[in-house]
Amino acid sequence: MTRLIALAAFVAGSFTATLSASAAETTTFTLDNGLEVVVLEDHRAPVVVNMVWYRAGAADEPPGASGIAHYLEHLLFKGTDDLEPGEFSEVVAANGGTDNAFTSQDTTAYFQRVAADRLGLMMEMEADRMRDLQLDGRDIATERQVILEERNMRVENDPGSLFSEQRNAAQYLNHPYGTPIIGWKHEMESLTLDDALGFYRTYYAPNNAVLVVAGDVEPDNVRALAEEHFGPLEPTEDLPERARPQEPPQTAERRLTYEDPRVAQPYVIRSYLAPERDSGEQERAAALTLLAEVLGGSSQTSVLGRGLQFDKDIAVYTSAYYNGTQYDDTTFGLVVVPSQDVSLQEAEDALDAEIAAFLEDGVDPEQLERIKQQLKASLIYEEDSVQSLANRYGRALTSGLTIEDVEAWPDVLQSVTGEDIVAAARDVFDRDRSVTGWLKAPEGGTPAPETAAQPAPSIAPEVTQ
Amino acid sequence: MIRIALAACLALATALPARAETEVQQVTSPGGIDAWLVEEHSIPFVALELRFRGGSALDPEGKRGAVNLMTATLEEGAADMDAQAFAAAREALAARFSFDAHDDAISVSTRFLTENRDKSVELLRKALVEPRFDEEAVERVRGQVLSNIRSEQTDPNAIARDTWDKLAFGDHPYATDSSGTVDSVTGLTSDDMRTAHDAVLARDRIYVSAVGDITPDELGTLLDNLLGDLPEEGAPLPDEAEYGLDGGVEVVDFDTPQSVIRFGHEGLKRDDPDFLTAYVVNQIFGGSGFESRLMEEVRVERGLTYGIGTALAPYEFAELVLGQSATANARAGETVEVIREEWRRLSEEGVTQDELDAAKKYLTGAYPLRFDGNARIADILVGMQMDDLSPDYIENRNDMVEAITLDEANRVARELYDPEALQFVVVGQPEGLDAVN
């Protein structure tokens, strides 16, 4: 019924693209109605992961309705014209499978892990709820309580998360990345059925989705099933261009202190606005990815680990983070959890001194070589988990990247030099584009803390159903 | 104690899947070390899992946290290398090692590339057999452990766990967190590390599985090189813990918007003949996924929580049925009441044939899906050995699940779930709890 258009044909002149860096066979094609399909073969076990990724996340929400993308994700389990509320997961379970979903700033994804011979049934149900959601008022109200409890659990009960929300809001002056994925509480409380359905009708469509199927499957079979189940779906004709409000020049450093009596272990985080991976131009993002490894990848051998945990007893934990796989500007972050008698000011000063010294000294070539070896090996280890491969593709394709970009990424990383890394660091470490946050207990309060077993800060990327 | 998440308990509790096509070879090294192996040569690496029975429960009196600190310091310098040299060597080989202390076991999870196998194993051997426990390394890791301990003192989840354990287990090691207290950890020395090392990392309590690009002969040689020089015998295992709770609600006042609720009572040992039946009943009642009674009643019907679940927790020296949930303070009373009512209904009315059939379908269908990756399979296989199961359990397990009758399920539901014994620990500022107290 549907003719297939080979995406790969556009880029490589062949119907099937094989990822050279991976033993897993990768096949891609696009249905007539615009649905992109990626098939990753792994025949070691009779299992398949079926994922539908929408190019719609929290950053695509209309103003005033924060949390609607995630709320809608919950509501997708509440029934369609063919499925009763809860029946989706019930059918998955009756087939021995597990299912879930998650929402991030740039994407909303639904997945099932199930025996490979049940793939058709999973696709049938996913196709059904892509266009035919049917909701009633009672389900809606109860589920709103559930997401509010989810916010209670993830955020209100966790000062580290509350702190993270404040830092993010300060980081983005104009872009919706400054709004939490789960939503601001006061807006979540008044989300409506119309809010949800408006978002749904616009964005849940084959021409705004990527189907990733990974596991013990044959591409021809996947193609036939995808045509059968998703092929008949109508695309959204006037799909809006994906253009969020962008950041103006950031010209003033921001600083904030978040105090909460539940904080027992204070820490300091500095984040800087940073470029993300762009299609066909991933070099800067690759250099920043390696910069994060060089500065904070290993407690024993990274720049911050050596300087603040070994040479000086400043910190019990240090880290640097960067996630380049985003649609718009991302952040580069530095974290210091100070040792017992070290103040946040001393910790921050020591951090700045280490970064300044690093910019002078450059990258230790042996360290860079070890990091590259580990990146190569991680491609091999990653093949052990078909789900993580599926995630790699789904996330990239909903963040403005192409299959070609995904395939090129390992080589782009390997080609980064020490000079590239220092140049990227000099470029990104601009205090005018930074937020420095201190998390601590109020003076005289009981020592307190919270956050979870690890003092690692929540930088927190997504919220699941 | 009880640091393992509920989900992990589930995984430990049932060993593996049904008609999985996993072909397990039982290997004995020339030196006499037993291991289970699945050869999988399509990806050039091996996942090697080691477990040492014992773990943090072997902390000596007054030295709580010794085993945990020792385990966290294994990688911080060994043989001729200090912590940084060791890390640099491991990174250059792109090998991955993780060392974790649990209540009942030390786990060592590793992955290494075929091309670097010998060098990786030699490095791992140094960490296991010749750790240095340098003063400065112990001091540095102690700072990290103390930071975690302090953080947990204001984490409502940790407070709920610690309160439960203290009330349930009196003076047994299980009564306190395996990280130890600020006082006990502050007092630990490098000598304590060496003592703890010899007590727990011994050959008389080791379990091994390997999955990946390696042959039986190669594995045998590897194991003798890796483990041959460990002490022959470790410290005697602790006694059974005496369970000290008899039902009710314990509230820990803590200023936070959402109450954390932990609940349960005594359970079944892993080798109890009713264990698998209880596992199926638990799946219906509070098991994983969205289909359980508790998810239906507490989340779907009433919107009281984001998550609720229960699990059988068969520890080595105690056994529990444990559940956890969280709800806004204002609705804590109602939530406790719903849980209590569901507990009573399960005990008195049992489950239905439809529920049993659905649970069997899910469990038997899901079992083979667990065997889908070298690291996952290695983890399952080593857990099976600790549970004293044989490799043919993988083939037979689904038939055993299928054979469970409604009468058996309901007998076990009646015998196991006791609403009178049901104990709640609630951390927060819960409202409406008087009604159920």
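Coordinate-derived values only; no laboratory data. Here the structure is a predicted model, which means the values were calculated and not measured. Positions of Cβ are backbone-derived with ideal geometry, glycine not excepted, and every protein chain shown enters the neighbour counts.
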Applying the gyration tensor rule to the Cα atoms of the stretch B:229-298 (axes a ≥ b ≥ c; rounded if a/c under 1.5, else prolate if a/b exceeds b/c, else oblate), the class is oblate
One checks the Cα atoms of chain B and finds Rg and Dmax, in Å, of 22.6, 65
P(r) over all Cα-Cα pairs of the stretch A:25-231, 10 Å bins from 0 to the longest distance, whole percent per bin, short to long, reads 8, 33, 33, 20, 6, 0
Using alpha carbon centers only, the stretch A:94-114 is separated from the stretch B:281-346 by a whole-angstrom value of 23 Å
Longest principal axis of chain B (C-alpha) makes with the long axis of helix B:393-402 (C-alpha) an angle, in degrees to the nearest 10, of 10 degrees
In degrees, nearest 10, the alpha-carbon axis of helix B:117-129 is tilted away from the dominant principal axis of the alpha carbons of chain B by 70 degrees
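Got a sec? How would A:T251, A:T325 order by Cβ neighbour count within 10 Å, fewest to most? If you can, show how the numbers build up before the last one.
Details: A:T251 9, A:T325 22.
Ranked by crowding around the Cβ, least crowded first: A:T251, A:T325.
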Here the stretch B:416-425 yields Karplus 3J(HN,Hα) values (6.51, -1.76, 1.60; θ = phi - 60°; whole Hz; Gly and Pro given as x) of 8, 8, 10, x, 5, 8, 4, 10, 10, 10
Between the alpha carbon centres of the stretch B:404-427 and the stretch B:234-277 the gap in Å comes to 14 Å
Helix B:83-93: inclination vs chain B longest Cα principal axis, degrees, rounded to 10, gives 90 degrees
In chain A, helical segments from DSSP H whose Cα atoms cover 27 Å or more along their own axis and that average at least 0.5 on the Kyte-Doolittle scale are none
Listing B:T310, A:T257, A:T331 by rising number of other beta-carbon atoms within 10 angstrom, fewest first, gives A:T257, A:T331, B:T310
Summing -39500 (n - 2.57) over every DSSP H run of at least 4 in chain A, dividing by its residue total and rounding to the nearest 500, the 222 nm mean residue ellipticity is -11500 deg cm²/dmol
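Other chains near A:311-322: what is the mean number of their Cβ atoms within 10 Å of each residue's Cβ?
For peptide A:311-322, the averaged partner shielding equals 2.
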Averaged over the residues of B:298-305, the number of partner chain Cβ atoms within 10 Å of each residue's own Cβ comes to 5
When B:H197, B:H41 are arranged by how many other beta-carbons sit within 10 Å of their Cβ, fewest first, they go B:H41, B:H197
Taking R0 as 35 Å and r as the Cβ-Cβ distance between A:E189 and B:L406, the FRET efficiency 1/(1 + (r/R0)^6), rounded to the nearest 0.05, comes to 0.20
Note: A:380-390 gets an average of partner chain Cβ contacts (10 Å, Cβ to Cβ) equal to 4
Karplus-derived 3J(HN,Hα) from phi for the stretch A:77-83 (6.51 cos²θ - 1.76 cosθ + 1.60, θ = phi - 60°), whole Hz, x at Gly and Pro, runs 9, 9, x, 9, 4, 10, 10
If each part is reduced to its alpha-carbon centroid, the stretch B:127-183 and the stretch B:194-226 end up apart, in Å, by 26 Å
From DSSP H assignment alone, runs of 4+ in chain B each adding -39500 (n - 2.57), the sum over residues rounded to the nearest 500 puts [θ] at 222 nm at -12500 deg cm²/dmol
Surrounding charge for A:P235, neighbours by C-beta under 13 angstrom, Lys/Arg +1, Asp/Glu -1, total -2
